[in-house]
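Below is one structure, written out as structure tokens, with a few remarks after it.
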């Protein structure tokens with residue numbers, strides 16, 4: 001292979017030990033081979049065009065095409081014969097050059113003409129490059145006058161001349177059934193439906209149809225660099241991984257199969273040395289034709305690109321890569337040029353490890369990288385290690401790396417035993433950073449949550465929001481309190497009417513699974529490294545004696561309203577016109593208490609669940625830069641808004657604003673008081689319970705704040721310890737072991753585990 005440029009990410013991810021290699025497979029998803037030492041450098045250009053939003057893009061033959069929205073004003077006749085203006089949504093096609101800013105409208109493509117005088121909705125599900133700089137478009141038409149939907153495939157040259165047009169119905173395909181369309185270099189057309197793929201020659205004659213179960217939807221078809229078309233579909237392997245299967249239309253059969261990253265996303269056509277490109281996690285991969293395998297080319301965040309906004313990825317003839325993104329409104333073209341790293345300024349790279357990179361964090365990392373030319377964050381997304389027969393493979397790999405001392409600079413806390421890492425000294429105490437920040441300090445955040453999140457007076461994660469996990473019950477049945485013991489719970493159980501239950505469970509193992517994760521920490525003393533014998537005994541006695549239902553509960557809220565359930569598991573996430581405090585107040589007949597789960601030490605058995613937590617490593621290479629990224633979690637985000645997201649804000653300013661509007665008059669979308677809320681209600685899922693849309697009452701808010709001020713712990717369940725206790729408890733519940741023996745075994749195994757993980 002004679003490559004003009006070697007390919008490597010601009011900033012390499014931390015290389016992990018390779019674990020074997022097979023043909024047509026990725027040896028190690030996070031390993032990048034430095035063939036020639038060249039790296040990609042991105043150059044960003046804002047595209048200029050006459051549209052507000054870009055929905056598709058493709059590149060080939062020296063042209064870049066964008067598909068954007070277009071609005072056409074029309075008229076219709078009103079009920080009284082008057083003329084009413086209407087605005088029809090359609091699409092427009094724009095053409096430019098790689099790296100160029102100016103894009104002109106291709107006048108030959110007029111999507112509204114496809115309506116044939118009717119009114120309706122137009123969209124372009126796909127576009128792809130053709131030969132000699134031409135472009136193909138797949139346009140779907142949905143008339144509003146009851147006519148059937150239609151779909152067209154058209155080809156245009158760069159001057160806007162229409163070269164070909166096919167209506168899919170002429171091929172016997174219903175527009176609503178087609179998931180993806182593409183053409184090859186010979187002019188053959190391919191269309192995929194839910195479970196089939198069809199190939200037609202240039203005259204519309206059917207060449208073949210193949211069964212293709214589990215194809216991947218709207219982008220299932222891709223044109224490979226060798227001219228073949230391939231379908232993305234589920235592999236026959238037991239792990240269910242996806243693959244590309246090439247189509248031989250003349251033979252009417254499948255050709256070769258090609259791998260895709262586990263949990264991969266988009267697939268793009270290839271060119272040059274690369275058969276195709278595809279994404280997986282934070283990575284862009286290319287299938288190396290000569291080597292016969294996928295190679296990881298770059299980290300999207302490493303080159304300051306938000307992969308969630310990428311519309312196309314295409315090779316240019318000179319060895320560069322081109323991508324097009326749609327960041328909000330508008331569009332951006334990015335040309336990635338292979339460059340000698342010796343010619344680049346020195347940059348500090350901070351690694352960010354995660355089990356799954358969410359879109360919000362990805363966008364924040366890209367923003368940070370663009371604003372910090374001397375320090376960048378790169379993602380190591382361990383979901384790229386696979387989810388097939390072992391869905392925990394990525395997590396196992398990450399934990400192995402961490403326990404071996406291979407600590408990233410920043411760590412996504414989701415799904416990881418952060419307490420264990422903190423005890424081992426892996427994590428930086430963020431409290432001094434928070435208190436010393438001139439724009440923050442403890443007064444800027446909800447200190448009750450911060451204090452609960454601290455371990456031995458140290459804060460090991462930054463987080464923007466939280467919820468409260470608790471258990472709610474009718475005040476008359478559980479008492480007006482926010483904590484209780486197992487004895488208190490058993491007393492409340494004894495007063496239940498016949499046929500009532502605690503949570504509505506039918507089997508004791510199900511009851512055990514419902515309450516053990518939220519009570520496991522109350523059963524041990526981590527500081528002493530011991531198990532609390534009496535707490536375990538009381539817990540087991542409760543699980544063995546709690547009343548069970550003979551039939552399942554189909555509507556838990558109605559059952560609670562009818563007095564058939566003592567408790568409802570609750571998670572309080574918001575305070576607004578339909579907050580959970582109103583749900584549980586309604587479900588328990590107008591008055592409820594957030595008693596939480598029993599604790600023998602008398603503490604509140606409720607928890608703060610911390611969301612989107614990120615930690616800094618104690619050995620972080622640039623702590624000042626890392627803090628500038630983490631501090632954003634604590635800053636106000638909703639200074640004037642009326643929606644505070646799906647969780648309670650940690651920012652005190654946001655929390656106070658939320659309190660102000662939740663207990664005041666209802667506001668419209670502009671923040672102005674509404675004259676009346678009306679009789680509107682929200683129906684709970686799978687329930688007949690209707691929750692009136694109204695402000696939170698002062699009584700409800702008061703109960704919420706009493707609970708909030710009582711919570712002194714965060715929800716960080718120890719899955720290994722939970723599994724130990726569950727295994728022994730099940731033997732007691734099925735009668736194969738006595739209570740004393742079970743308590744003794746839990747004590748011994750639990751103590752050994754706690755000592756090993758201190």
Task: Lone unmet requirement of (1) over 30 Å from residue 463 (Cβ atoms); (2) under 31 Å from the mean Cα position of the chain (by Cα) for residue 722 - done: (1)
TODO: Please name all residue pairs, on different chains or six or more residues apart, with Cβ atoms under 9 Å, provided the first residue is in the range 158-171 and is touching a residue at least 40 places away in the same chain (Cβ under 8 Å) and assigned by TED's automatic domain parsing to the domain that holds residue 92 and the second residue is surrounded by fewer than 16 Cβ atoms within 10 Å (Cβ to Cβ) and in a loop (DSSP other than H, G, I, E, B).
DONE: 158/61; 158/62; 159/108; 160/107; 160/108; 161/108; 162/108
Open item on the list: For residue 443, only one of the following conditions fails: (1) over 24 Å from residue 645 (Cα atoms); (2) exposed (fewer than 15 other Cβ atoms within 10 Å of the Cβ). What is its number?
Closed with: (1)
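Restricting to the range 444-492, count the residues that are more than 28 Å from residue 412 (Cβ to Cβ) and under 35 Å from the mean Cα position of the chain (by Cα).
Let us first name the residues in the range 444-492 that are more than 28 Å from residue 412 (Cβ to Cβ), namely 471-492.
Still in the running and under 35 Å from the mean Cα position of the chain (by Cα): 471-473, 482-483.
Looking only at that region, the number is 5.
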Open item on the list: Can you tell me which condition residue 669 does not meet? The list is (1) at pLDDT 80 or above; (2) over 28 Å from residue 413 (Cβ atoms), and all the others hold.
Closed with: (1)
TODO: Sort out which residues of the range 567-587 are touching a helix residue (DSSP H, G or I) at 6+ places or on another chain (Cβ under 6 Å) and farther than 21 Å from residue 647 by Cβ, and write them in order of number.
DONE: 587
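Out of the residues in the range 157-179 that are in contact with a strand residue (DSSP E or B) (Cβ under 7 Å, 6 or more places away or on another chain) and farther than 22 Å from residue 147 by Cα, state the one that is modelled with the lowest pLDDT. Steps first, please.
The initial filter retains those residues of the range 157-179 that are in contact with a strand residue (DSSP E or B) (Cβ under 7 Å, 6 or more places away or on another chain), namely 157-158, 162-169, 171, 173, 175, 178-179.
Within this subset, residues satisfying the condition of being farther than 22 Å from residue 147 by Cα are 157-158, 162-164.
Numbers: 157: 90, 158: 86, 162: 91, 163: 93, 164: 93.
Checking each candidate, the answer is 158.
Just to be sure, is residue 577 assigned by TED's automatic domain parsing to the domain that holds residue 695, over 30 Å from residue 417 (Cα atoms), at pLDDT below 85 and buried (at least 18 other Cβ atoms within 10 Å of the Cβ)? Even if it seems obvious, please write down each step before you answer.
Values: assigned by TED's automatic domain parsing to the domain that holds residue 695: yes; over 30 Å from residue 417 (Cα atoms): yes; at pLDDT below 85: yes; buried (at least 18 other Cβ atoms within 10 Å of the Cβ): yes.
The answer is yes for residue 577.
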Open item on the list: Just to be sure before I move on: is residue 435 buried (at least 16 other Cβ atoms within 10 Å of the Cβ) and either over 25 Å from residue 464 (Cα atoms) or in the same structural domain as residue 628 (by TED's automatic domain parsing) (or both) in the structure I sent?
Closed with: no
- [ ] Sort through 589, 499, 504, 602 and tell me the only one that's surrounded by 16 or more Cβ atoms within 10 Å (Cβ to Cβ) and either touching a residue at least 60 places away in the same chain (Cβ under 8 Å) or not in a helix (DSSP H, G or I) (or both).
- [x] 504
- [ ] Residue by residue through the range 123-142, note down the ones that are more than 19 Å from residue 53 (Cβ to Cβ), surrounded by 18 or more Cβ atoms within 10 Å (Cβ to Cβ) and at pLDDT below 90.
- [x] 141
Open item on the list: Taking the conditions exactly as written (more than 24 Å from the chain's Cα centre (by Cα), modelled with pLDDT under 90, surrounded by fewer than 23 Cβ atoms within 10 Å (Cβ to Cβ) and farther than 30 Å from residue 357 by Cβ), does residue 195 satisfy them or not?
Closed with: yes
Open item on the list: Looking for something in a helix (DSSP H, G or I), touching a helix residue (DSSP H, G or I) at 6+ places or on another chain (Cβ under 6 Å), closer than 30 Å to residue 346 by Cα and touching a residue at least 24 places away in the same chain (Cβ under 8 Å) - is there at least one such residue anywhere in the range 617-637?
Closed with: yes
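Here are some residues: 548, 540, 511, 489. Which one is outside any strand (DSSP E or B), in contact with a strand residue (DSSP E or B) (Cβ under 7 Å, 6 or more places away or on another chain) and over 30 Å from residue 657 (Cβ atoms)?
Working: 540 fails: in contact with a strand residue (DSSP E or B) (Cβ under 7 Å, 6 or more places away or on another chain); 511 fails: in contact with a strand residue (DSSP E or B) (Cβ under 7 Å, 6 or more places away or on another chain); 489 fails: in contact with a strand residue (DSSP E or B) (Cβ under 7 Å, 6 or more places away or on another chain).
548 is the lone residue from the list that is outside any strand (DSSP E or B), in contact with a strand residue (DSSP E or B) (Cβ under 7 Å, 6 or more places away or on another chain) and over 30 Å from residue 657 (Cβ atoms).
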Open item on the list: I'd like the full set of residues that are surrounded by fewer than 17 Cβ atoms within 10 Å (Cβ to Cβ) and touching a residue at least 24 places away in the same chain (Cβ under 8 Å), limited to the range 176-192.
Closed with: 176, 185, 186
Open item on the list: I need a count of the residues in the range 551-576 that are touching a strand residue (DSSP E or B) at 6+ places or on another chain (Cβ under 9 Å) and either assigned to a loop (DSSP other than H, G, I, E, B) or within 28 Å of residue 656 (Cβ to Cβ) (or both).
Closed with: 10
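Against the condition surrounded by 15 or more Cβ atoms within 10 Å (Cβ to Cβ) and touching a helix residue (DSSP H, G or I) at 6+ places or on another chain (Cβ under 6 Å), how does residue 492 come out, does it pass?
Taking the combined requirement at face value, the residue satisfies it.
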Open item on the list: Quick check on the range 356-365: of everything there that is at pLDDT 90 or above and under 23 Å from residue 385 (Cβ atoms), which residue is surrounded by the most Cβ atoms within 10 Å (Cβ to Cβ)?
Closed with: 365
- [ ] Sort out which residues of the range 455-482 are out of contact with any helix residue (DSSP H, G or I) (no Cβ under 7 Å at 6 or more places or on another chain) and either under 30 Å from residue 545 (Cβ atoms) or in contact (Cβ under 8 Å) with a residue 12 or more places away in the chain (or both), and write them in order of number.
- [x] 457, 465, 467, 471, 473, 474, 475, 476, 479, 480, 481
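The values are calculated or read from the model by the stated rules, or taken from the named source; none is laboratory data. Computed from a predicted model, the values in this text were never measured in an experiment. So basically every Cβ, Gly included, is an ideal-geometry build from the backbone, and we count neighbours across all protein chains shown.
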